[in-house]
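Down below is the structure, laid out as structure tokens.
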Amino acid sequence: MTIRDDAQPPAETVSQEHFLNLYLAKTDPWDLATKWHDQRKYAVTVASLPRAKYRRCYEPGCSVGLLTRMLAARCDDILAVDCVADAVERTADEVREFPHVRVKQAMLPAELPDETFDLIVIGDLLYYLSGPDLHTLIDALVQRLEPDGDLVAVHFRDREHGDGYDGAQTHAALAGHAGLRPLVHHDDEWFLLDVLRRVT
């Protein structure tokens with residue numbers, strides 16, 4: 001994995017208004033439901049979970065809920081959040097048959113749950129955060145991860161436009177956290193996936 005030393009996060013965290021406008025223009029802004037590489041990404045993510053079953057899962061940035069639906073079979077309780085009301089509504093529709101999945105609106109890193117979790121799954125979100133917000137959120141996620149709990153991060157790799165700020169930098173920040181140790185690493189032409197376990 002090549003990481004550009006001078007690739008920088010956004011100067012400011014991308015605004016809620018930016019994402020709101022994306023959903024106003026299109027119900028599935030990234031075509032997650034129809035693109036094969038996204039369907040494959042979700043399948044690889046779920047297949048990479050080290051444990052067959054988890055008690056409590058937190059999924060920040062759930063978007064339209066496709067991964068949330070797949071996680072529902074592996075988790076006893078899920079809290080899925082997104083900053084856009086339309087995304088929350090779409091996810092709620094996607095998981096309506098699963099009473100153990102809660103879907104709420106929240107803006108990160110300001111609005112974080114008080115609960116702890118044995119699984120946190122965060123996808124295609126971290127590279128929208130400023131440097132300070134990225135580290136604040138990573139610290140907050142680790143604090144909410146139970147000892148021996150698993151954090152799964154999966155993010156787009158921008159191989160077409162060179163090695164700019166993308167999943168490589170955000171996953172390097174996760175890997176460098178003293179509270180986490182690596183378990184699974186997957187890097188291909190479309191995405192980067194890491195599973196890290198909370199150090200006891």
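The values are calculated or read from the model by the stated rules, or taken from the named source; none is laboratory data. A quick note: this is a predicted structure, and the numbers were derived from the prediction, not measured. Don't worry about glycine lacking a Cβ; one is built from the backbone with ideal geometry, like all the others, and counts go over all protein chains shown.
Quick notes
- A single member of Leu119, Leu192, Leu196 is touching a Ser or Thr at 6+ places or on another chain (Cβ under 9 Å), within 18 Å of Leu67 (Cβ to Cβ) and in a strand (DSSP E or B), and it is Leu192.
- Of the residues making up region 174-183, not one is under 11 Å from His155 (Cβ atoms) and either surrounded by fewer than 17 Cβ atoms within 10 Å (Cβ to Cβ) or out of contact with any strand residue (DSSP E or B) (no Cβ under 7 Å at 6 or more places or on another chain) (or both).
- Count of region 127-180 residues which are modelled with pLDDT under 85 and part of a helix (DSSP H, G or I): 4
- Considering residues of region 190-200 that are modelled with pLDDT under 95 and in contact with a Lys or Arg (Cβ under 6 Å, 6 or more places away or on another chain) only, the residue farthest from Glu59 (Cα to Cα): Val199
- First in region 30-45 and within 16 Å of Leu192 (Cα to Cα), second anywhere and in a helix (DSSP H, G or I), Cβ under 7 Å, 6 or more apart: Tyr42/Leu66; Tyr42/Leu67; Tyr42/Met70; Thr45/Leu67
- Checked across region 161-171, the condition of being over 21 Å from Arg40 (Cβ atoms) and aliphatic (A, V, I, L, M) holds for no residue.
- Boolean, Thr200 is within 20 Å of Val81 (Cα to Cα) and of a type outside the set (A, V, I, L, M): no
- Some residue of region 11-27 being in contact (Cβ under 8 Å) with a residue 60 or more places away in the chain, surrounded by 14 or more Cβ atoms within 10 Å (Cβ to Cβ) and within 21 Å of Leu193 (Cα to Cα): no
- Against the criterion of being at negative phi, over 15 Å from the mean Cα position of the chain (by Cα) and modelled with pLDDT of 95 or more, Pro99 qualifies.
- Count of residues meeting criterion [in contact with a Phe, Trp or Tyr (Cβ under 8 Å, 6 or more places away or on another chain) and within 28 Å of Glu111 (Cβ to Cβ)] in region 34-53: 2
Yes or no, residue by residue, for (1) under 15 Å from the mean Cα position of the chain (by Cα); (2) touching a residue at least 40 places away in the same chain (Cβ under 8 Å); (3) within 26 Å of Lys53 (Cβ to Cβ):
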| residue | (1), (2), (3) |
| --- | --- |
| Asp124 | yes, yes, yes |
| Ala140 | yes, no, yes |
| Leu145 | yes, yes, yes |
| Ala153 | yes, yes, yes |
| Arg157 | yes, no, no |
| Ala168 | yes, yes, no |
| Glu189 | no, no, no |
| Thr200 | no, yes, yes |
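- Scanning region 107-129 for residues being surrounded by 15 or more Cβ atoms within 10 Å (Cβ to Cβ) and out of contact with any helix residue (DSSP H, G or I) (no Cβ under 9 Å at 6 or more places or on another chain) gives a total of 1.
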